[in-house]
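These notes concern the structure reproduced below.
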Amino acid sequence: MFAATACVPPSSRYAVGGVTAHWNGQTWALGGAVATYGGRKGLAQGAQLQALSCPAPTECIGVGSLGTGAVGGARALADVVSATPAAQR
């Protein structure tokens, strides 16, 4: 389930929730898990992006929370959501 979507331009749509996805005007592509914790990318317990803003057509910033499983609850989470692989940015 996706919690937020953003379009820049209308033919390019990003969606976030527990995973990310990108619509290129023809097909959806899943981008994987949204959480980075301890320097490792991967789905962490309770990771969820709830809002999305796209300052550029190829990159967005998603914000939400990351449940660490520790006493004290969730931590703030921000992640770059992009159609471009991280190694090429």
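We did not get these values from a lab; they are worked out from the coordinates using the rules stated. Everything numeric here is computed off the predicted structure, so don't read it as measured data.
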Taking θ as phi - 60°, what are the ³J(HN,Hα) couplings along the stretch 3-17 by the Karplus curve (6.51, -1.76, 1.60), each to the nearest whole Hz, with x for Gly and Pro? 9, 8, 9, 8, 10, 8, x, x, 7, 10, 10, 10, 9, 9, x
So Ala78 and Ser53, fully extended at 0.36 nm per residue minus their Cα-Cα distance, gain in nm 7.9 nm
Counting sequence-distant residues (5 or more places) and residues on other chains, those with an amide H built under 5 Å from that of Ala47 are Gly67
